[in-house]
Amino acid sequence: MTIQLPTDLEEQVSALAQSGVYESPDAIVRDALQTLLAARPDLRETVACILYQREVFSLGRAVEWSGLSIEALKAALARRGITREAPESVAEIERMARETMARAGRPPA
């Protein structure tokens with residue numbers, strides 16, 4: 001993927017790269033995106049839903065990556081009209097169930 005930046009942003013990225021604080025312009029963009037997603041949970045939810053829909057993320061991976069509970073992610077998928085498939089393995093479903101029970105403060109069965 002190639003991204004075109006406006007001249008002023010390109011100059012800022014170039015200056016940061018030249019400073020040695022970052023190893024490359026790619027590292028600057030990666031850090032900026034990670035910072036944006038950390039500051040905007042709504043964007044993390046959106047990206048998790050889209051990557052789930054594209055089958056890049058399983059439900060469990062989307063939950064982990066987004067920081068949402070399983071139920072909150074299911075609700076987010078439903079709001080976006082994204083139907084849920086169940087390609088998760090039995091082991092992944094069991095792990096998600098244990099994590100959900102732990103978050104709810106319930107002892108494992």
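Any idea which of PRO41, PRO107 is loosely packed, with under 13 Cβ neighbours inside 10 Å and at pLDDT 90 or above? Talk me through it step by step, then tell me what you get.
Working: PRO107 fails: at pLDDT 90 or above.
The conditions single out PRO41.
Considering only region 50-90, state which residues are at pLDDT below 85 and among the aliphatic types (A, V, I, L, M).
Taking region 50-90 as the starting set, the residues that turn out to be at pLDDT below 85 are 84-90.
Matches in region 50-90: ALA86, VAL90.
For region 59-78, state whether one or more residues are in contact with a helix residue (DSSP H, G or I) (Cβ under 9 Å, 6 or more places away or on another chain), farther than 23 Å from ALA104 by Cα and loosely packed, with under 15 Cβ neighbours inside 10 Å.
No: zero hits.
Does region 15-30 contain any residue that is modelled with pLDDT of 90 or more, under 19 Å from the mean Cα position of the chain (by Cα) and polar (S, T, N, Q)?
Looking through region 15-30, none of the residues is modelled with pLDDT of 90 or more, under 19 Å from the mean Cα position of the chain (by Cα) and polar (S, T, N, Q).
Here are some conditions: (1) surrounded by 13 or more Cβ atoms within 10 Å (Cβ to Cβ); (2) at positive phi. ALA48 meets all but one. Which one does it not meet?
So ALA48 meets the others, but not (2).
The values are calculated or read from the model by the stated rules, or taken from the named source; none is laboratory data. These numbers were taken from a predicted model, which means no experiment stands behind them. Because the Cβ atoms are built from the backbone with ideal geometry, glycine has one as well, and the counts that use them run over all protein chains shown.
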